[in-house]
Amino acid sequence: MPRAWLLYWSLGAGFVVGLVITVLHDDLLPAQYELDALKIWSIARGDRPKFSDGSFTPVAMVYRALGMGDAPLAAALFGYLAATAVIVFAALRFGRHGLTPALAIYTLGAFALAGIYLGQYSKDVFVLPVIALLLLPRRALWDAAPIAAMLAYALWFRDYWAIVAAGYCAYRLITIPQVRVRYLLALGSIAAVCVSAAIFAVIGYAPNHYRTSVQGGLEANTLIVPLDPLPQPWGGLLDVFANYWLILVPLTLPFLAGVLYTAALAGLAFMRFTPLVAAGSYRHWPVVRTLEGVLLRRSLALLLAFAVVQALFEPDYGSVLRHLTPLLPLGLVAARAMRQAPAAEWGLRTWSWSVPPARTAP
């Protein structure tokens, strides 16, 4: 089993990499990485009317209340250090051992993306309390706490998090018994289509309305191109279904975007599938009543529920990456939970990207 030094090295090196990106954000990254941050900053410091953009006003008011309305470096460090605290909490949740080289790379990537997307004025910084609450003890009371936090985030910042909360509850119940990962992913595509059909039936909007209506002002080379050759609602339903799978496996991106986005999305695919591969690599998951079993199921439930919502709302791959960044510690937790418990309970060899898992009869 890898020694503890690998964990400490990945945390230390990752923190430095993310901190450099945070402090030198303007010099290292293109301007489009700060478009949302500039809107929040301009509202927070009073350059624009308070309600000139309803989606950014609540978070701008929070930054102003925290004394960072006109302090971009302080806001950047606040977001990055909050992300660091959650990443470190996730990495140490099962002790110092059990980190593989692949998971060390995952940890480095989580820090780097935190520097890129959370080391600035950001709505996504305030998702981090939800993630921290998911990592609390396994008692039933602590299952209610993250759900309450999701609903609060939906109320104040992004209303679609109410759908995330509902999806989390559904997946949390579904995964109490072990379910094959491919079935969980297929269920997500069906859920996305059903929710989009409900939007059409109740509100009258096209099933893919919330995604396509905001694509006009975005970069063409990162758009998830709508696939709706049929009249509505059938075209929209088809587009949502395709979008779900294209977000999970961004096959079209290398033909649209530059090297930077392609590399970032390749990393995202690795990070998104790390917990799913881990969960699918064993005949047995950790027992549901153990800490490993509870944290695995909580992490998978939120990651899978969020994939459903991204299929409905994400217009481009940049947004996919930005909004998934605060959830990345859950992938680390899920992968480590699979490594920790099964070897002790069923005599299975611990999972690794480089060593096939041993599958034994129950």
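The values are calculated or read from the model by the stated rules, or taken from the named source; none is laboratory data. No experiment lies behind these values; they were computed from the predicted model shown. A quick note on method: Cβ atoms are made from the backbone with ideal geometry, for glycine too, and the neighbour counts reach across all protein chains shown.
For Val195, work out the one condition from (1) closer than 18 Å to Pro315 by Cβ; (2) modelled with pLDDT under 80; (3) in contact with a Gly (Cβ under 9 Å, 6 or more places away or on another chain) it doesn't fulfil. It fails just one condition, (2).
The sole residue among Arg139, Arg48, Arg64 that is in contact (Cβ under 8 Å) with a residue 12 or more places away in the chain and farther than 30 Å from Ser196 by Cβ is Arg64. All but one of (1) of a type in the set (D, E, K, R); (2) surrounded by fewer than 18 Cβ atoms within 10 Å (Cβ to Cβ); (3) not assigned by TED's automatic domain parsing to the domain that holds Glu34 hold for Arg96, so report the exception by its number. Here Arg96 clears every test but (3). When you check Ala149 against the structure, is it touching a helix residue (DSSP H, G or I) at 6+ places or on another chain (Cβ under 6 Å), among the aliphatic types (A, V, I, L, M) and surrounded by 15 or more Cβ atoms within 10 Å (Cβ to Cβ), yes or no? Yes; evaluated as a whole, the condition is true for this residue. Going by the structure shown, is Ala166 assigned to a helix (DSSP H, G or I) and more than 20 Å from Leu295 (Cα to Cα)? Answer is no for this residue. In this structure, is Tyr168 assigned by TED's automatic domain parsing to the domain that holds Arg339 and buried (at least 21 other Cβ atoms within 10 Å of the Cβ)? In short, yes.
Annotation: Ile21 fulfils all but one of (1) buried (at least 19 other Cβ atoms within 10 Å of the Cβ); (2) more than 19 Å from the chain's Cα centre (by Cα); (3) under 21 Å from Val130 (Cα atoms); the unmet one is (3). With the condition kept exactly as written, say whether any residue in region 70-80 is farther than 22 Å from Arg289 by Cβ and in the same structural domain as Ala334 (by TED's automatic domain parsing). Checking region 70-80: not a single residue is farther than 22 Å from Arg289 by Cβ and in the same structural domain as Ala334 (by TED's automatic domain parsing). Among the residues that make up region 24-41, is at least one of them in a helix (DSSP H, G or I), in contact (Cβ under 8 Å) with a residue 40 or more places away in the chain and within 24 Å of Ile105 (Cα to Cα)? The answer is yes; a qualifying residue exists.
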